[in-house]
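Have a look at the structure below, then the notes.
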Amino acid sequence: MAAFRHYRLAIVASLILVLTALLAQSASRWTIGPFLRPANARPVIVPDPKSVFADPILRKPVRWEALHTFNPAAMVRDGKVYLLYRAEDDSGEMRIGGHTSRLGLAISEDGLHFQPASAPVFFPSVDAQTEREWPGGVEDPRLVEREEGGYVLTYTQYNRKTYDIGIAVSDDLTHWQKYGPAFQDAAGGKYRGLQCKSAGIVTALKNGRLIATKINGQYWMYWGEGRVRLASSPDLIHWSPVEDAQGNPVSVLAERPGHFDSAFPEVGPPPVLTRRGIVVIYNGKNAADAGDPQLPIGTYADGQALFAADDPMKLLDRLDQPFLAPATPFERTGQYKEGTTFAEGLVYFRSKWFLYYGAADSFVGVAVADANP
C-alpha cells in the first residue's frame, strides 16, 4: 500500500511538472522561435584586411573592414538573403567607437554562407550628411521593405560628438538616397538636438516577405536604448515621436532589476506584427548592480516583448529570460569582451526564421528557427 502511495505521488508530481511546462509554453506561445545556432556555429561574416575602398572624403584607399564586421540588417531579395553589415576600418584609436564605420553588403543562397562585396555600399561621403557622419561613420542598420517596392534603412549617424537616427532609401540595396535625421522636422524642430539610436520599423509577413505595415493608418517605429520609445510616420521617412501629456517621448519598455535587461533594453531588428500582437525582439544589457547573476556584467542578450496589435504602446507580455545569449567563443572574444548576441536582422526565408546578430562587436552570427507563418 505504501509503495502504491509513493507511485501515485510520483505520478502526480510528474503531471504537475508536465502541466507547468505546458503553461510556460502557452505563456510564451506568441514568441518567434525557439532559435538555435547551426551545428559547429561560427561567424558568417568576418573582417577582411584585404578589402580596400577609395574613400571619397579622405581621397585615398582605406581598409574599410579590417578590424570588425558586426551588427547586420537583413533582407530577402530575389530568393537570396542580403546582409547590410557594419564594418570598421583600422583608423583612429584602438577603442570601441574610435574607428570609422561603413556598411558592407553580403549575399547568401542559403542564409548561412555569405559572399561579401569588395567595397561598402553605404558610407560617409561628401554630401549633406557629412557633418553628422564623419569621422565616426554610419552604424547599426535596420532594414525594411516597402509594399510598393524599395527599401528603407534606419541607421546611426555618428560624428564622434553626437549621434542620431538617420533615414535612407534604396531600390536595390546598393544605391542609396539619404534623408537625414528621422526626427528633424517633428514638433517644430524640437528633436533636432536629440541623441538617439536603434530604430526598428514594424513589419508584417505578407506572402512570405516582411513588409513595413500600417496600424491605424500610420507606420510605427520602436526606437532607443536605455528606454524603448515609439514614433509614427505617414511615409516611412518623416517620423514623429509619440509624446505624453507633458510633451516628452513616451517610454514603452524599460529596464528590470534582476533580469538580463537590468541596465537597459535596446531595439533589435524590425518588429513583426502577428495574430497575437507586435513581437519586438530587443537587446538587453546586464547591469553591474541588481543584474542577472547568471550573466556576466555588461553582457548583451536577447529578449522578446509583445505589444497589442491595435495599440503599439500597450505592452502585453515580456520574456523573463533571454532566448539567446553569448555562449560560443566568437560571441565572447572580440572588442566587446563581456559578450554580445546583438540582434539587428530578421528574415523569413525557406519557411524558417533567420536571426542575424553582432558577436562581441567583432563578427556576424546567425541563429535559425523553424516556423509556420
Result of the Cβ filter at 6 Å on the stretch 265-282, keeping first residues that are of a type in the set (Lys, Arg) and partners that are assigned to a loop (DSSP other than H, G, I, E, B) and surrounded by fewer than 24 Cβ atoms within 10 Å (Cβ to Cβ), at least 6 apart or interchain, is ARG276/TRP30
Quick check on the stretch 117-127: of everything there that is touching a strand residue (DSSP E or B) at 6+ places or on another chain (Cβ under 7 Å) and surrounded by fewer than 21 Cβ atoms within 10 Å (Cβ to Cβ), which residue is farthest from ALA87 (Cα to Cα)?
ASP127
Looking only at the stretch 31-46, and only at residues there that are buried (at least 19 other Cβ atoms within 10 Å of the Cβ) and of a type outside the set (A, V, I, L, M, F, W, C), the one that is farthest from PHE307 (Cα to Cα)
PRO43
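For TYR155, are the conditions met, namely being crowded, with 24+ Cβ neighbours inside 10 Å and either of a type in the set (Ser, Thr, Tyr) or under 17 Å from the mean Cα position of the chain (by Cα) (or both)? Before the answer, list the steps.
Numbers: crowded, with 24+ Cβ neighbours inside 10 Å: yes; either of a type in the set (Ser, Thr, Tyr) or under 17 Å from the mean Cα position of the chain (by Cα) (or both): yes.
Yes, satisfied.
For the stretch 101-126, enumerate the residues that are outside any loop (DSSP other than H, G, I, E, B) and of a type in the set (D, E, K, R).
If we filter the stretch 101-126 for residues that are outside any loop (DSSP other than H, G, I, E, B), which is where we start, we get 101-108, 114-116, 122.
Scanning the stretch 101-126 gives a single hit, ARG102.
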Going through the stretch 173-196 in order, the residues found to be of a type outside the set (A, V, I, L, M) and either in contact (Cβ under 8 Å) with a residue 60 or more places away in the chain or assigned to a strand (DSSP E or B) (or both) are THR174, TRP176, GLN177, LYS178, TYR179, GLY180, PRO181
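So which of GLY92, GLY98 is under 13 Å from GLU139 (Cα atoms), outside any strand (DSSP E or B) and small (Gly, Ala, Ser)?
Exactly one residue qualifies, and that residue is GLY98.
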Looking at (1) within 25 Å of GLU65 (Cβ to Cβ); (2) surrounded by fewer than 17 Cβ atoms within 10 Å (Cβ to Cβ), find the lone condition where GLY149 falls short.
(1)
In the stretch 203-235, which residues are of a type outside the set (S, T, N, Q), surrounded by fewer than 22 Cβ atoms within 10 Å (Cβ to Cβ) and either at positive phi or not in a strand (DSSP E or B) (or both)?
GLY208, GLY217, GLY226, ARG227, PRO234, ASP235
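Out of ALA301, ALA327, which single residue is aliphatic (A, V, I, L, M), buried (at least 20 other Cβ atoms within 10 Å of the Cβ), within 21 Å of PHE354 (Cβ to Cβ) and at pLDDT 95 or above? It would help to see each step written out before you state the result.
Working: ALA327 fails: buried (at least 20 other Cβ atoms within 10 Å of the Cβ).
Exactly one of ALA301, ALA327 is aliphatic (A, V, I, L, M), buried (at least 20 other Cβ atoms within 10 Å of the Cβ), within 21 Å of PHE354 (Cβ to Cβ) and at pLDDT 95 or above, namely ALA301.
Keeping to the stretch 89-113, report how many residues are of a type in the set (Lys, Arg) and more than 20 Å from the chain's Cα centre (by Cα). Don't jump to the end; show me each part of the working.
Of the stretch 89-113, the ones of a type in the set (Lys, Arg) are 95, 102.
Then keep just the ones that are more than 20 Å from the chain's Cα centre (by Cα); that gives 95.
So the answer is 1.
Quick grid of which residues meet (1) at pLDDT 95 or above; (2) among the aliphatic types (A, V, I, L, M); (3) over 21 Å from ALA343 (Cβ atoms):
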residue	(1), (2), (3)
LEU105	yes, yes, no
PHE114	yes, no, no
THR130	yes, no, yes
ARG142	yes, no, no
GLU145	yes, no, no
Looking at the stretch 347-367, can you tell me whether even one residue there is in contact with a helix residue (DSSP H, G or I) (Cβ under 6 Å, 6 or more places away or on another chain), assigned to a strand (DSSP E or B) and surrounded by 21 or more Cβ atoms within 10 Å (Cβ to Cβ)?
yes
Only unsatisfied item for MET313, checking (1) surrounded by 15 or more Cβ atoms within 10 Å (Cβ to Cβ); (2) not in a loop (DSSP other than H, G, I, E, B), is (1)
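The values are calculated or read from the model by the stated rules, or taken from the named source; none is laboratory data. Given the structure is predicted, the values throughout are model-derived calculations rather than measurements. A quick note on method: Cβ atoms are made from the backbone with ideal geometry, for glycine too, and the neighbour counts reach across all protein chains shown.
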